[in-house]
């Protein structure tokens, strides 16, 4: 199988793809610079699917990915939770005492603040990607620079982990979705969770009425958030995650929701991670 990810090889997305599709045989990972490119490759049939982060337990949702899920003809068929571990990685033979700069994605750096406070001699340097920072370090001749990335990045590029698990919080998880083309999509066997997007009709109480559909049918709402509709100022779309007990229960919820909404899109049904 060929799977697209956003970011470099050795990233958390790469790790999530390997874990989610462990029984799928040999995987070829297609690293993409932009999330939009990931979706383009899926829709062009260049890859079998894509693995993308949708939410981090500390930093919240990945807004761009919600927008792309709404706009493009794809479906979520699987989700996973990945424990995020940040490691200081350098060229082999480098000593921690030699390091003066540590590069990584700004979000990763922000999740290691306490470690930088404890090591004031090391400067935090923004870089476009966690795994990409290790790739860059290995291409440099300097021994005073390190990257902060998953341990997989060290194995991918031949680096050495100097300090493991430097993140501030051990309860740091990223939720990933496995996406495929809408055509030919089938819900995962045993699916008990769904993701939906909807826009309510412009009349008083419609959001309350829409949510009441879930309550009356015993469908458990586990997440809700609103996003602006691209190209439609002051219009908002609601993204929700639901837990359900049967496909019939979910079908009834979709039908009931349609009575109060001008748009409903099912983004996928899958087994809850």
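Bear in mind that the values in this text are calculations on the coordinates, not laboratory data. Remember, it's a predicted structure, so these values are computed and weren't measured experimentally. Don't worry about glycine lacking a Cβ; one is built from the backbone with ideal geometry, like all the others, and counts go over all protein chains shown.
Observations
- Relative to the longest principal axis of the Cα atoms of the chain, the long axis of helix 206-217 makes an angle of roughly 90 degrees.
- Computed on the Cα atoms alone, the convex hull of segment 193-270 gives a volume of 81 cubic angstrom per residue.
- Considering only alpha-carbon pairs that sit under 8 angstrom and 6 or more positions apart, the relative contact order computed for the chain is 23 percent.
- Neighbour counting of Cβ atoms within 10 Å sorts the residues 51, 213, 134, 229, fewest neighbours leading, into 229, 213, 51, 134.
- Between the helical axis of 247-258 and the longest alpha-carbon principal axis of the chain there is an angle of about 70 degrees.
- In terms of the mean number of neighbouring beta-carbon atoms within 10 Å, the peptides 7-18, 121-132 order highest first as 7-18, 121-132.
- Each residue of the chain gets 143 Å³ once the volume of the Cα convex hull is shared out per residue.
- Here the relative contact order of segment 222-269, from alpha carbon pairs under 8 Å that lie six or more residues apart, stands at 26 percent.
- Remark: 171, 235, 40 ranked as 171, 235, 40, counting other beta-carbon atoms within 10 Å and listing the fewest first.
- Shape call, segment 87-163: gyration tensor on alpha carbons, a/c limit 1.5: oblate
- Between the Cα long axis of helix 130-139 and the first principal axis of the chain there is an angle of about 30°, rounded to the nearest 10.
- Peptides 172-179, 151-158, 196-203 ranked from most to least packed give 172-179, 151-158, 196-203, packing being the mean of other C-beta atoms within 10 angstrom over each peptide's residues.
- Counting only DSSP H runs of at least 4 residues, each contributing -39500 (n - 2.57), and dividing by the residue count of the chain, the helix-based mean residue ellipticity at 222 nm comes to -8000 deg cm²/dmol.
- Among 115, 234, a tally of other beta-carbon atoms within 10 Å of each Cβ gives an order, fewest to most, of 234, 115.
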